[in-house]
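Encoded as structure tokens, the structure appears first; notes follow it.
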Amino acid sequence: MNLVVRLLAKPWIWAFVAAFGVWLATILFTGGASTLGLSQAALTFAAFSIIVGLGQMFVITLGPGNVDLSIPATMTLAGTVALKVMDTNNDLIVAGIAATLAIGIAIGIANYGLIKLLRIPPIIATLSSSFIVQSTAIWYNRGIRIKPPAYLAEFSTASTLGIPNVAIVALVISIVAWVLLEKGIYGRWVSAIGQNMRAARLAGVPVDGVRFATYVFCAVLAALCGFLLSCFSGGAALNMGAEYLLTSIAVVIIGGTAVAGGFANVPGIWGASLFLFLVVSMLNTYGASAGVRLLLTGLIIIAVIIAASRKQTV
């Protein structure tokens, strides 16, 4: 009983409860015929939301006004460049991964450079850089769709012990993020900055260095997600990251991370990502239109923000 009470007190548990409820409703509607397929699909497609959501979570935890809107463009550029570097050659996979990391690091540096040196608000800075990054991807792509190396295509679409490989990659990244957040001094610094930046600076926290590292970390995760998504989908498309702008923010909010900053949790990203995918799947099963799906997602985000605001004012 005490275990149940402690679990219900966790902010992330409700995302999992909601995800399970939607999953059960979909299974019951289909008579159980899609149980395995739906479960594997949920883990597969939620994995991409989890990876970008983790990076966005760290940025939002820095406090009000911090958000990275360049995630979709970063995904597109990283996927495009990596596939061209590898050119379907399995021997160039390491080079493709290196190019992906380099792009993420460069975009993260550029984002924080705009924020710190030019004193541009993060939402404007990252939105501006996203136009530049997306334009670069369009110029570099030139309408050519290159397939990923056979090994990466097989790896990204296969499963290990029934678990999709992309979900395993997301799990490994999540563990690293959890260790950074809960066990490392970096995570404590991020939370301290989000709670009160001025007090954190007075306490000796290297505020500028932590914020710089966080924006770079977010961009690197977005680049890795773009790399995986392009391998999974058989090529890099210029609009492949578009849906992850809203999603990367939604999974953070629904997952229980404080909108005002100062508090984050990794498990909630998983629950929220699974929930959002399962909601779309359920509505597809019921024959709902794309407009209804987007409307419901927006209403969920608004409801969670209102609930979080009321809790903070109590």
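Just to be sure, is residue 40 touching a strand residue (DSSP E or B) at 6+ places or on another chain (Cβ under 7 Å) and either on the phi > 0 side of the Ramachandran plot or assigned to a helix (DSSP H, G or I) (or both)? So residue 40 fits the description; yes. Helices (runs of 4 or more DSSP H) fully within the range 77-195 that include at least 3 residues being within 20 Å of the chain's Cα centre (by Cα) and either in contact (Cβ under 8 Å) with a residue 40 or more places away in the chain or closer than 30 Å to residue 62 by Cβ (or both): 93-116, 122-141, 165-178, 185-195. Given the condition free of Cβ contacts under 8 Å to residues at least 24 places away in the same chain and part of a helix (DSSP H, G or I), answer yes or no: does some residue in the range 45-62 qualify? Taking every residue of the range 45-62 in turn, none turns out to be free of Cβ contacts under 8 Å to residues at least 24 places away in the same chain and part of a helix (DSSP H, G or I). Counting only residues that are among the polar types (S, T, N, Q) and surrounded by 15 or more Cβ atoms within 10 Å (Cβ to Cβ), which one in the range 19-39 is modelled with the highest pLDDT? Selected residue: 39.
For every residue, the table says whether it meets (1) surrounded by fewer than 24 Cβ atoms within 10 Å (Cβ to Cβ); (2) among the hydroxyl-bearing types (Ser, Thr, Tyr); (3) in a loop (DSSP other than H, G, I, E, B).
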| site | (1), (2), (3) |
| --- | --- |
| 220 | yes, no, no |
| 241 | no, no, yes |
| 246 | yes, no, no |
| 259 | yes, no, yes |
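Within the range 181-236, the set of residues being over 30 Å from residue 89 (Cα atoms), polar (S, T, N, Q) and in contact with a helix residue (DSSP H, G or I) (Cβ under 6 Å, 6 or more places away or on another chain) comprises just one member, 214.
In the range 249-268, the residues that are closer than 18 Å to residue 69 by Cβ reach residues that are in a loop (DSSP other than H, G, I, E, B) and among the small types (Gly, Ala, Ser) with C-beta atoms within less than 9 angstrom, at least six apart or across chains, in these pairs: 252/264; 257/264; 261/63; 261/65.
For the range 123-150, a residue qualifies if it is within 17 Å of residue 232 (Cα to Cα), surrounded by 13 or more Cβ atoms within 10 Å (Cβ to Cβ) and modelled with pLDDT of 85 or more, and the qualifying residues are 147, 148, 149.
Within the range 222-229, is even one residue in contact with a strand residue (DSSP E or B) (Cβ under 8 Å, 6 or more places away or on another chain), assigned to a helix (DSSP H, G or I) and within 25 Å of residue 272 (Cβ to Cβ)? Within the range 222-229, not a single residue is in contact with a strand residue (DSSP E or B) (Cβ under 8 Å, 6 or more places away or on another chain), assigned to a helix (DSSP H, G or I) and within 25 Å of residue 272 (Cβ to Cβ). Of the residues making up the range 156-209, those that are among the hydroxyl-bearing types (Ser, Thr, Tyr) and surrounded by 11 or more Cβ atoms within 10 Å (Cβ to Cβ) are 156, 157, 159, 174, 186, 191.
The values are calculated or read from the model by the stated rules, or taken from the named source; none is laboratory data. Quantities reported herein were computed from a predicted structural model and do not represent experimental measurements. Every residue, glycine among them, receives a Cβ derived from its backbone with ideal geometry; neighbour counts consider all protein chains shown.
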